[in-house]
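Undergrad: The structure's right below; bear with me while I get my questions together.
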Amino acid sequence: MTALSDDVRGHREWLLGLLELPSAGVVVDLGCGRGDDLRRLATRHLDGDVRLIGLDASAESIEAARAAATDPRLDFACVDLGQRLPFADGSIDVVYSHNLLECLGDPCTFASEVARVLRPHGQAVIGHWDWDSQLFDATDRALVRRLVHAYADWQQAWMDHADGWMGRRLWGVFNAAERFRGVVHARVLVNTTYAAPWFGHANAQAFRALVRRGLADADDVERFAHEQAELDRRGAYFYSITGFAFVGRRIEADR
Ligand SMILES: C[S@@+](CC[C@H](N)C(=O)[O-])C[C@H]1O[C@@H](n2cnc3c(N)ncnc32)[C@H](O)[C@@H]1O
């Protein structure tokens with residue numbers, strides 16, 4: 001399983017804890033990456049007559065997910081989730097997805113597709129970081145804002161599309177589909193240590209990738225990193241990011 005730092009693992013456990021898994025049925029993870037979350041679920045539901053299906057556009061990730069899958073209830077396939085989902089209407093009990101939606105050009109069509117494939121009262125748990133919610137303390141507020149905004153707006157090479165505000169948009173996307181009854185939950189991940197492998201430190205290292213792409217100034221990034229390390233030495237470092245989750249049930253009938 002891909003090693004997650006304790007802070008990120010804690011967040012992932014919170015998200016997975018929002019799932020209400022049936023004792024029998026079909027659970028799908030859309031944008032499953034290497035299938036880590038589905039494997040975690042499989043180990044918790046050893047007795048369940050549940051099929052766990054992971055879909056992702058990355059052939060490399062799906063290959064890794066298949067190689068790591070020892071539970072026969074796990075199944076993985078390479079699928080572009082910007083298209084019609086490859087499931088019949090009302091055939092899925094639970095849809096789970098984490099950090100996929102920012103990559104899709106048309107998240108509203110995705111929400112309609114999730115509603116189409118879910119059975120009535122089936123559950124959707126859609127989680128997402130809001131990348132622009134990252135807080136770092138620093139002397140130069142404008143500098144922090146520049147770096148965080150640049151990072152949130154960065155379309156990385158593997159993305160067809162990028163929307164760093166997807167966390168705050170989950171409600172608008174899923175509630176406006178008028179096919180779910182749900183709520184949005186939020187959880188704040190906090191770090192008070194500036195060191196590997198903590199999430200804030202890892203994301204701050206990624207600011208250097210912004211410099212290589214001409215999206216941030218090298219002096220800004222080094223000045224920022226220097227002060228974060230200094231804050232850490234004084235016991236004054238603070239980082240947080242908010243993760244959101246839309247948790248809803250498919251309403252019975254289409255309106
Ligand atoms: C940030 S990763 C999240 C992976 C996993 N859900 C997790 O939380 O660790 C986003 C995933 O979405 C996949 N993805 C991006 N665009 C996609 C698309 N159009 N169709 C299917 N998968 C896509 C990527 O390949 C990647 O595995």
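Undergrad: From the P(r) of the stretch 54-139, could you give the percentage of C-alpha pairs in the tail past 21 Å?
TA: 41
Undergrad: Then there's this: Run the accessible area of the chain with a 1.4 Å probe and give the carbon-and-sulfur part as a rounded percent. Don't jump to the answer; show the numbers that get you there.
TA: Details: 6100 of 12100 Å².
Answer for the chain: carbon and sulfur cover 50 percent of the accessible area.
Undergrad: Output wanted: per-residue J couplings in Hz (rounded whole) for the stretch 137-146, from phi through Karplus 6.51 cos²θ - 1.76 cosθ + 1.60, θ = phi - 60°, x for Gly and Pro.
TA: 7, 5, 6, 9, 4, 5, 4, 4, 4, 4
Undergrad: For the stretch 1-109, which GluC sites (Glu not before Pro) are in a loop by DSSP, counting at most 12 other Cβ atoms within 10 Å? Show your work: numbers first, answer last.
TA: Numbers: sites: 13, 20, 60, 63, 102; in loops: 20.
Qualifying residues, ordered by number: 20.
Undergrad: Net charge around residue 84, counting only other residues with Cβ within less than 14 Å of its Cβ (Lys, Arg = +1; Asp, Glu = -1)?
TA: For residues surrounding residue 84, the net value is -3.
Undergrad: Now, a different point. Using only helices, what value at 222 nm comes out for the chain when you add -39,500 (n - 2.57) per DSSP H run of length 4 or more and divide by the total residues, to the nearest 500 deg cm²/dmol? Mind dumping the intermediate values first?
TA: Values: 8 runs with 94 residues, N = 255.
Helices in the chain give a 222 nm mean residue ellipticity of -11500 deg cm²/dmol.
Undergrad: How much net charge surrounds residue 191 when only other residues with a Cβ under 13 Å from its Cβ are counted (Lys, Arg +1; Asp, Glu -1)?
TA: -4
Undergrad: With +1 on each Lys and Arg Cβ and -1 on each Asp and Glu Cβ, and nothing else charged, work out how big the dipole of the chain is about its Cα centre, in Debye to the nearest 20.
TA: Result for the chain is approximately 380 debye, rounded to the nearest 20.
Undergrad: Just the C-alpha atoms of the stretch 7-111: what Rg/Rh do they give, with Rh taken as the Kirkwood radius?
TA: Working: Rg = 13.2 Å, Rh = 14.1 Å.
Reported Rg/Rh (Cα atoms, Kirkwood Rh): 0.94.
Undergrad: Moving to a separate point now. Hey, what did the stretch 125-250 get for relative contact order, percent, Cα under 8 Å, at least 6 apart?
TA: Values: 193 pairs, mean separation 56.9, N = 126.
Taking the mean separation of contacting Cα pairs over the length of the stretch 125-250, I get 45 percent.
Undergrad: Here's something else I'd like to know. Charges only on Cβ, +1 for Lys and Arg, -1 for Asp and Glu: so what's the dipole of the stretch 1-122 about the Cα centre, in debye to the nearest 20? Don't skip to the end; give the middle numbers.
TA: On the way: 12 positive and 20 negative charges, 41 e Å.
For the stretch 1-122, the charge dipole is close to 200 debye.
Undergrad: Please give the length that would be gained between residue 178 and residue 9 if that part of the chain were fully extended, namely 0.36 nm times their separation in residues minus their C-alpha to C-alpha distance (nm, one decimal). Display every interim value, and only then the final one.
TA: Details: separation 169, 0.36 × 169 = 60.84 nm, distance 3.21 nm.
So the extension gain works out to 57.6 nm.
Undergrad: Let me ask something else about it. Within 10 Å of each candidate Cβ there may be at most 15 other Cβ atoms; applying that plus a DSSP loop requirement, which trypsin sites (Lys or Arg not before Pro) in the stretch 163-230 survive?
TA: Passing both the DSSP loop test and the Cβ count: 213.
Undergrad: With a 1.4 Å probe and all protein chains kept in place, how do 44, 119, 234 rank by accessible area, largest first? Working shown, then result.
TA: Numbers: 44 105, 119 75, 234 155 Å².
Listed by decreasing accessible area, they come as 234, 44, 119.
Undergrad: Would you mind giving the average projected area, over all directions, of the Cα convex hull of the stretch 130-245 in nm² with one decimal? Could you put the intermediate results ahead of the total?
TA: Numbers: hull surface 32.6 nm².
Answer in nm², one decimal: 8.2.
Undergrad: Could you tell me which residue out of 183, 114, 135 lies farthest along the dipole of the chain toward its positive end? Charges go on the beta carbon: Lys and Arg +1, Asp and Glu -1, centred on the Cα centre.
TA: Of the candidates, 183 comes out farthest on the positive side.
Undergrad: How many angstrom lie between the C-alpha centres of the stretch 178-255 and the stretch 121-149?
TA: Answer, in whole Å: 5.
Undergrad: Select from the stretch 143-176 those chymotrypsin sites (Phe, Trp or Tyr not before Pro) which occupy a DSSP coil region and have at most 13 other Cβ atoms within 10 Å, ordered by residue number.
TA: Within the stretch 143-176, the qualifying chymotrypsin sites (Phe, Trp or Tyr not before Pro) (loop, at most 13 other Cβ atoms within 10 Å) are 158.
Undergrad: Okay, moving on. Of 103, 150, 174, which is farthest towards the positive pole of the stretch 97-185's charge dipole, taken about the Cα centre with +1 and -1 on the beta-carbons of Lys, Arg and Asp, Glu respectively?
TA: Farthest towards the positive pole: 174.
Undergrad: Below 8 Å between Cα atoms, with a sequence gap of 6+, how large is the relative contact order for the chain in percent?
TA: Details: 482 pairs, mean separation 54.9, N = 255.
Across the chain, relative contact order equals 22 percent.
Undergrad: Then there's this: Tell me, what ³J(HN,Hα) does each residue in the stretch 238-252 have, in order and in whole Hz, if you take phi through Karplus 6.51 cos²θ - 1.76 cosθ + 1.60 with θ = phi - 60° and put x for Gly and Pro?
TA: 9, 9, 8, 8, 9, x, 10, 9, 8, 10, x, 10, 5, 6, 4
Undergrad: Which net charge results when you count Lys and Arg as +1 and Asp and Glu as -1 among the other residues whose beta-carbon is under 13 Å from that of residue 157?
TA: Values: positive: 212, 213; negative: 160.
Neighbour charge sum, excluding residue 157 itself: +1.
Undergrad: Something else now. Write down the accessible area per residue of the chain in Å², having rolled a 1.4 Å probe over the full set of protein chains.
TA: Values: 12100 Å² over 255 residues.
Normalised by residue count, the accessible surface of the chain is 47 Å².
Undergrad: Can you pull the Kirkwood radius for the chain, inverse mean 1/r over Cα pairs, to one decimal in Å? Numbers along the way, then the final one.
TA: Values: mean 1/r = 0.0519 Å⁻¹.
By the Kirkwood definition, the hydrodynamic radius is 19.3 Å.
Undergrad: Next question, about the same structure. Say R0 is 30 Å: what FRET efficiency, to the nearest 0.05, do residue 145 and residue 66 get from their beta-carbon distance?
TA: 0.10
The values are calculated or read from the model by the stated rules, or taken from the named source; none is laboratory data. It should be emphasised that the depicted structure is a prediction, and the values quoted were computed from it without experimental measurement. Don't worry about glycine lacking a Cβ; one is built from the backbone with ideal geometry, like all the others, and counts go over all protein chains shown. To get the accessible areas, we keep the full protein, side chains included, count just its heavy atoms, and leave off ligands, DNA and RNA. Shrake-Rupley method; radii C 1.70, N 1.55, O 1.52, S 1.80 Å.
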